[in-house]
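The values are calculated or read from the model by the stated rules, or taken from the named source; none is laboratory data. It should be emphasised that the depicted structure is a prediction, and the values quoted were computed from it without experimental measurement. Neighbour counts are summed over all protein chains in view; Cβ atoms, including those assigned to glycine, are modelled from backbone coordinates with ideal geometry.
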Amino acid sequence: MQILNSLLFLIIIICLSESIRAQNKNTLLAGICVQDASSYFHVLDARILIYELDEDSSVTTVDTLYSNVYANKEMLHPRLYRIVVEKSGYHTLDTTFVLQKTSRSRRKRLGLLMHPIHCFTLTGRIKNADNFQEIREGRVFVVDLSDSSKTELTLENGNFEYCGRCSTSYRIITDIAGYFPSRQRVELLTADCKKKKDLQQNLTIAVDQSYDAPFFEGDTLSLNDFTFEGESTKFTKKGRVEIKRLIRVLRARPEVRISILIQAATFSDRRYNRRLAEQRARVIDAQLSKGGVGQHRYLLKCSGKMDRKSRQSKQKISLWLRG
């Protein structure tokens, strides 16, 4: 009986050893090394998720490690794995591969490179749209359009600075006393944000006065480049900006009444100039009406008088307040 028990025990030992030997034959000790793609320094304390996949890519097991110089893990071969590495300040690494034995050694090194998230520095300043003087006091808000998060910045000596993410769109909103809010969209895009270290974009935002101060009869409204192209009735690019600005001023101050004098002085005769001024007046009238400004709030005057002392054709639009 004792001999029978001994033989049975020996058979069990042999089976277990064969099983262990077969298992060791299909097992590799993988040393996972996570490095910075820019400096090749080791990235420590990164979270490593190891997914063991079936042939149909369904997950069978999941293990979690944290990187040191090497994070050791026994893995089967040949077997399909997916590894996800997460670390604050780095782009998430997600890779899928088939683990295979390439040498007689049971150890295998797995090198993984993580790309750091570089800061895109956005610097800017605020200026008065009339005289281009820098505005040194006020608030600036940066809205991340990907998640609608808002960051408030303060103006320091008229400048602001923000650290944004590459390949992201932002909207800059100004809040300055005495000025209309400005909403400017900024695209922070580069060819390769992963490799460049010093990324910077400079921005100048021009804001229009809201004319909160009292208006008095006879005051002149200062508008820049309120002009048309050549001898036409088409606004220049700056002229389109100015007519929109005038509409904002009039809608913000419903009590204001203005007079507008349109002068067209070309080398042609006075009748041609007068007719051109009247055509431009109709364009201005249509733009103001389209912008929601009532016709009772403005008076259009036309002039075709030519400045004979000048050899250049002239055009001028003057605006002043009336009672």
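A compact table of results
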{"quantity": "Pick from the stretch 173-199, criterion within 9 Å of the chain's Cα centre (by Cα), in a strand (DSSP E or B) and surrounded by 12 or more Cβ atoms within 10 Å (Cβ to Cβ), ranking: modelled with the lowest pLDDT", "calculated": "188"}
{"quantity": "Of all residues making up the stretch 48-72, the number that are touching an Asp or Glu at 6+ places or on another chain (Cβ under 7 Å) and within 19 Å of residue 28 (Cβ to Cβ)", "calculated": "4"}
{"quantity": "Test: residue 158 is surrounded by 12 or more Cβ atoms within 10 Å (Cβ to Cβ), more than 30 Å from residue 116 (Cα to Cα) and modelled with pLDDT under 80", "calculated": "yes"}
{"quantity": "Any hit, the stretch 282-290, residues being among the charged types (D, E, K, R), loosely packed, with under 15 Cβ neighbours inside 10 Å, under 28 Å from residue 209 (Cα atoms) and in contact with a Ser or Thr (Cβ under 6 Å, 6 or more places away or on another chain)", "calculated": "no"}
{"quantity": "Selection count where residues are surrounded by 10 or more Cβ atoms within 10 Å (Cβ to Cβ) and closer than 10 Å to residue 171 by Cα, scope the stretch 141-155", "calculated": "6"}
{"quantity": "Test result for residue 218, surrounded by fewer than 16 Cβ atoms within 10 Å (Cβ to Cβ), under 30 Å from residue 176 (Cα atoms), at pLDDT 80 or above and not assigned by TED's automatic domain parsing to the domain that holds residue 126", "calculated": "no"}
{"quantity": "Residue list for the stretch 160-177, restricted to those being polar (S, T, N, Q) and either free of Cβ contacts under 8 Å to residues at least 12 places away in the same chain or closer than 11 Å to residue 122 by Cβ (or both)", "calculated": "168"}
{"quantity": "Test: residue in the stretch 17-31 that is farther than 20 Å from residue 97 by Cα and either modelled with pLDDT of 80 or more or hydroxyl-bearing (Ser, Thr, Tyr) (or both)", "calculated": "yes"}
{"quantity": "Segments classed as strands (runs of 3 or more DSSP E), wholly inside the stretch 41-124, with at least 3 members that are within 30 Å of the chain's Cα centre (by Cα) and under 30 Å from residue 165 (Cα atoms)", "calculated": "79-86, 93-99, 107-114"}
